[in-house]
1. Does the stretch 115-130 contain at least one residue that is surrounded by 14 or more Cβ atoms within 10 Å (Cβ to Cβ) and within 18 Å of residue 224 (Cβ to Cβ)?
2. With (1) closer than 19 Å to residue 187 by Cα; (2) part of a loop (DSSP other than H, G, I, E, B); (3) in contact (Cβ under 8 Å) with a residue 40 or more places away in the chain as the list, and residue 265 as the residue in question, which single condition is left unmet?
3. What tally of residues in the stretch 307-321 results from selecting those that are under 21 Å from residue 269 (Cα atoms) and under 23 Å from the mean Cα position of the chain (by Cα)?
4. Determine which member of the set 166, 194 is farther than 22 Å from residue 91 by Cα and assigned by TED's automatic domain parsing to the domain that holds residue 228.
5. Name the residue that is surrounded by the most Cβ atoms within 10 Å (Cβ to Cβ), counting only residues in the stretch 233-272 that are closer than 14 Å to residue 106 by Cα and more than 21 Å from the chain's Cα centre (by Cα).
6. If you take the residues in the stretch 17-36 that are under 14 Å from residue 52 (Cβ atoms) and without any contact (Cβ under 8 Å) to a residue 24 or more places away in the chain, which one is surrounded by the most Cβ atoms within 10 Å (Cβ to Cβ)?
7. Here are some residues: 159, 155, 151. Which one is closer than 27 Å to residue 243 by Cβ and surrounded by fewer than 18 Cβ atoms within 10 Å (Cβ to Cβ)?
């Protein structure tokens, strides 16, 4: 006979109470919601359920479960239980697997306004270098149709943009059939979610309208990382660059150093730059911005200071690293 949902919920609560005998009710509730989201839908209702099993509220026979607690240990007797539940959700940094030795980082392709030859050059260089991980560091798509800026209606074709990006990702998987590929979204990909918030909020939360589904990432075995998430490649932090306000200044890498204070690499600014400094203890720190892989003369800004480029990051087991910040000039990697 199938076990009822109520029975499963009760057994799970008792299990956690015995596992964490000195943790407050709210802490237990947080763990339950995080570990079993299908059983425990929200923090407040879960906290009340936990309270019943600790004898703080309700009439469940807590003695039978062996979960009654001393006053002040859990729930209702503590002033801490009066604290309102925060709505803030922190982003958990993504860490590259420790076995990774060489990463190809490609940023700012802006499909369908990409530079075909530059992307092929970057991929071929990655193959020749024997990379074992490919990281697409944001703005893979331009999301022109979802932009808040003025748009030429003749170019507003979201379906074609999605199809082109899927074609590229399929090609990329063909070029690297057996290594991990990670796609982190950034400010241009976020245009889609912002558009839904503004014009089609009832569709928010449907997987079919989210990027991993639209791009078929699951079928291609490509991992998706949401915007603003810090990515740790050993002792190097990789961001997209839109996490901080500002245009990058004359030297984006120097600009980045004043914000992160530790080894970091970004895309976003479409310019290759490097900045190194030495601490009073003799340690060298570094910051890098990579070039883009999109057209250098977009219709909205024909004369730019952008350049084509990508990066190779060599990783060691102790977390140390070496950045090869590459540029593409006249079709050649430099």
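1. no
2. Going through (1) closer than 19 Å to residue 187 by Cα; (2) part of a loop (DSSP other than H, G, I, E, B); (3) in contact (Cβ under 8 Å) with a residue 40 or more places away in the chain one by one, residue 265 breaks only (2).
3. As a first pass, look at the stretch 307-321 and keep what is under 21 Å from residue 269 (Cα atoms): 307-313.
From what is left, the residues that are under 23 Å from the mean Cα position of the chain (by Cα) are 309-313.
Selection size over the stretch 307-321: 5.
4. Working: 194 fails: farther than 22 Å from residue 91 by Cα.
Of 166, 194, the one residue that is farther than 22 Å from residue 91 by Cα and assigned by TED's automatic domain parsing to the domain that holds residue 228 is 166.
5. 272
6. Only one residue tops the list, namely 29.
7. Values: 159 fails: closer than 27 Å to residue 243 by Cβ; 155 fails: closer than 27 Å to residue 243 by Cβ.
Among 159, 155, 151, only 151 is closer than 27 Å to residue 243 by Cβ and surrounded by fewer than 18 Cβ atoms within 10 Å (Cβ to Cβ).
Here's the yes/no breakdown for (1) assigned to a helix (DSSP H, G or I); (2) closer than 23 Å to residue 90 by Cβ:
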{"site": "6", "(1), (2)": "yes, no"}
{"site": "18", "(1), (2)": "yes, no"}
{"site": "23", "(1), (2)": "no, yes"}
{"site": "29", "(1), (2)": "yes, yes"}
{"site": "32", "(1), (2)": "yes, yes"}
{"site": "37", "(1), (2)": "no, yes"}
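The values are calculated or read from the model by the stated rules, or taken from the named source; none is laboratory data. Since the structure is predicted, the reported quantities are computational estimates derived from the model, not experimental observations. Counting neighbours? That spans all protein chains shown, and the Cβs are built from the backbone with ideal geometry, glycine included.
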